[in-house]
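Each remark here refers to the structure printed beneath this line.
The values are calculated or read from the model by the stated rules, or taken from the named source; none is laboratory data. Treat the numbers as computed from the prediction; the structure is a model and nothing was measured. Quick reminder, even Gly has a Cβ in these numbers, built from the backbone with ideal geometry, and neighbours come from all protein chains shown. The accessibility values were calculated without ligands, DNA or RNA, using every heavy atom of the protein model including side chains. Shrake-Rupley method; radii C 1.70, N 1.55, O 1.52, S 1.80 Å.
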Amino acid sequence: MSVTDLTPPAVFSGILGAERVIPGGPAASAWLRDFSWYSPVLENALADTTVDAVLRPESIDQLRACVAAAAGLRIPVTLRGAGTGNYGQSLPLQSGVVIDVRDVAGVLSVTEGRIAVLPGTVMKDAEAAARETGQELAVMPSTYRISTASGFVSGGSGGIGGAAHGDLWDDNVLAVELLTVEETPRTVRLEGDDVRPVLHTYGTIGVLTRIEFRLVPARDYTPVVVAFPDLPALAGFAHDLVSGDLHVRLCSVHEAAGAAMLTPITALYEPGEDVALLWADTAQLPALEAAATAAGGRTIAWTVKPHISQFPFSHSILWSRKAAPSSSWLQCEYASDRAEFLRQVAALREAYPGVFLQHIEVITSAGRTRPMGITPLVGLPDHERALEELITFCRALGMTVLNPHSYVVEEGGFVGDTAQVVALKTTSDPYGLLNPGKLGDSFFTSRGLTPPSARAASR
Ligand SMILES: Cc1cc2nc3c(=O)[nH]c(=O)nc-3n(C[C@H](O)[C@H](O)[C@H](O)COP(=O)(O)OP(=O)(O)OC[C@H]3O[C@@H](n4cnc5c(N)ncnc54)[C@H](O)[C@@H]3O)c2cc1C
């Protein structure tokens with residue numbers, strides 16, 4: 001084979017056929033976009049991302065062959081599902097190949113409490129297969145209509161179902177299988193707590209080939225809006241609802257200024273009303289309505305066409321960026337304790353009126369009620385001093401800030417213990433080829449190497 005034959009497109013065409021290898025350049029540009037433009041910081045940082053080739057395997061065997069070849073060539077490998085990540089997870093920092101797994105899809109089995117799927121399976125298809133057996137996914141992202149199983153596990157955190165069943169870290173991913181990135185890739189199966197290193201680590205640990213999600217008995221759901229004249233009352237109601245006995249799959253709280261930006265559904269409520277978007281157990285609607293009325297709210301039927309999943313979680317940022325193109329965002333976790341949570345809601349409203357537009361997804365996790373903020377920031381002067389001041393303010397209130405302006409796993413704040421992550425990566429990706437640069441310093445320092453940040457600082 002000549003030297004030119006060793007270019008990635010030539011090598012991978014031999015495996016997949018030329019039509020399943022997209023060479024770098026304009027034809028590959030669609031694979032170099034995701035939703036990191038939510039952050040002006042990431043939009044700038046990732047603007048000149050390039051790729052040598054995009055690979056589109058159709059089977060696990062083809063995926064394995066691509067991984068083996070990339071390992072032999074020692075070129076970076078970045079996996080990609082539907083590209084709906086918010087932090088540039090699927091955008092390669094060091095070129096190499098992007099492997100699009102969407103055609104390696106299909107439901108493998110559905111048993112009681114468990115569904116096994118191939119990596120590129122669209123979450124909506126997994127949910128449909130579960131429903132055929134009288135079950136539903138315990139949790140799925142609000143992008144479930146397009147995002148993939150492996151993309152959700154590697155790039156997401158939680159979503160619809162979270163109000164009852166928590167997030168990815170609440171035993172909702174029962175097992176995974178991954179390929180190691182070596183000349184002869186091995187298949188590694190992880191179960192129980194051992195799956196943690198692959199959760200939200202941006203495909204840096206292994207190439208997922210099988211994912212097993214937790215299922216729960218299916219319910220019939222109805223979308224409803226509950227509107228309140230003031231935010232503290234709504235926040236208290238939402239906290240009580242998720243902590244209580246009524247079942248909702250979604251409890252998405254939006255203060256009035258943010259609710260006004262959800263343009264396809266604003267006709268449902270009055271300007272100035274603070275709203276919760278609930279996906280509620282249909283059988284419990286009368287009890288829900290009574291609870292809302294008792295707390296000072298009013299229940300509104302969902303008479304609009306768009307699906308409720310188009311508004312919660314980071315969908316709110318899609319709408320706020322549309323309404324206020326120069327706006328930005330922040331993620332933060334409020335206190336679990338009801339009184340403390342309400343104190344934080346009030347303090348933020350007083351300190352940042354019209355700027356920090358409170359959007360709170362209330363979830364239940366590890367037996368606690370956890371209000372998670374996905375906050376549009378409108379009119380924040382800059383992403384340096386002003387953002388730092390805001391973050392300092394949130395932390396002083398006792399909140400945890402999850403930084404959406406970084407593509408580095410550790411800086412995002414979702415992954416606590418990176419020791420377990422690094423330990424697995426050392427054997428699953430011995431050449432450090434998977435999505436290089438996304439796992440921060442820990443992978444390098446643990447091996448006695450100079451971390452990227454130190455190298456950048458010395459330059
Ligand atoms: C409007 C909007 C709403 C959103 N709502 C939610 C939400 O409710 N909950 C939530 O958690 N997230 C949400 N997100 C973020 C995103 O949609 C989810 O993380 C989604 O599940 C990612 O799936 P994907 O197929 O698009 O993955 P991609 O974005 O393509 O990839 C995500 C990560 O997975 C890695 N990856 C993909 N396949 C593999 C594989 N086979 N092996 C190893 N690594 C792999 C990629 O390298 C990348 O790091 C939202 C985003 C937007 C834009």
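The requirement of being open to solvent by 20 Å² or more (accessible area, probe 1.4 Å), in contact with a strand residue (DSSP E or B) (Cβ under 7 Å, 6 or more places away or on another chain) and within 8 Å of the ligand (Cβ to nearest atom) is fulfilled somewhere in the stretch 145-153, by at least one residue. Within the stretch 172-182, none of the residues are out of contact with any helix residue (DSSP H, G or I) (no Cβ under 6 Å at 6 or more places or on another chain), touching a residue at least 12 places away in the same chain (Cβ under 8 Å), open to solvent by 20 Å² or more (accessible area, probe 1.4 Å) and near the ligand (Cβ under 7 Å from one of its atoms).
Checking residue 340 against (1) within 15 Å of the ligand (Cβ to nearest atom); (2) not in a loop (DSSP other than H, G, I, E, B): exactly one of these is not met. Which one? Among (1) within 15 Å of the ligand (Cβ to nearest atom); (2) not in a loop (DSSP other than H, G, I, E, B), the lone unmet condition for residue 340 is (1).
Could you tell me whether the stretch 194-217 includes any residue that is surrounded by 19 or more Cβ atoms within 10 Å (Cβ to Cβ), polar (S, T, N, Q) and assigned to a loop (DSSP other than H, G, I, E, B)? Scanning the stretch 194-217, I find at least one residue that is surrounded by 19 or more Cβ atoms within 10 Å (Cβ to Cβ), polar (S, T, N, Q) and assigned to a loop (DSSP other than H, G, I, E, B), so the answer is yes. Residues that are open to solvent by 20 Å² or more (accessible area, probe 1.4 Å) and touching a residue at least 24 places away in the same chain (Cβ under 8 Å) within the stretch 327-337 comprise 333, 336, listed in sequence order.
Restricting attention to the stretch 218-236 and to residues that are in a helix (DSSP H, G or I) and open to solvent by less than 10 Å² (accessible area, probe 1.4 Å), the residue that is farthest from residue 274 (Cα to Cα) turns out to be 236.
Output the residue which, of all residues in the stretch 154-164 that are more than 6 Å from the ligand (Cβ to nearest atom) and in a helix (DSSP H, G or I), is most open to solvent (accessible area, probe 1.4 Å). Step by step, filter the stretch 154-164, then rank; the result is 164.
In the list 54, 41, 98, which residue meets the criterion of being more than 11 Å from the ligand (Cβ to nearest atom) and open to solvent by less than 10 Å² (accessible area, probe 1.4 Å)?
Values: 41 fails: open to solvent by less than 10 Å² (accessible area, probe 1.4 Å); 98 fails: more than 11 Å from the ligand (Cβ to nearest atom).
Answer to the check: 54.
Of the residues making up the stretch 106-142, those that are open to solvent by 50 Å² or more (accessible area, probe 1.4 Å) and assigned to a loop (DSSP other than H, G, I, E, B) number 3.
Of the residues 168, 190, which is open to solvent by less than 10 Å² (accessible area, probe 1.4 Å), under 30 Å from residue 427 (Cβ atoms) and within 16 Å of the ligand (Cβ to nearest atom)? Can you show your working first?
Working: 190 fails: open to solvent by less than 10 Å² (accessible area, probe 1.4 Å).
Answer to the check: 168.
Here residue 46 meets each of (1) buried (at least 20 other Cβ atoms within 10 Å of the Cβ); (2) out of contact with any helix residue (DSSP H, G or I) (no Cβ under 6 Å at 6 or more places or on another chain); (3) of a type in the set (A, V, I, L, M) with one exception, condition (2).
Hey, can you tell me all the residues within the stretch 271-293 that are within 18 Å of residue 358 (Cα to Cα) and surrounded by fewer than 14 Cβ atoms within 10 Å (Cβ to Cβ)? Listed by number, the residues that qualify are 271, 272.
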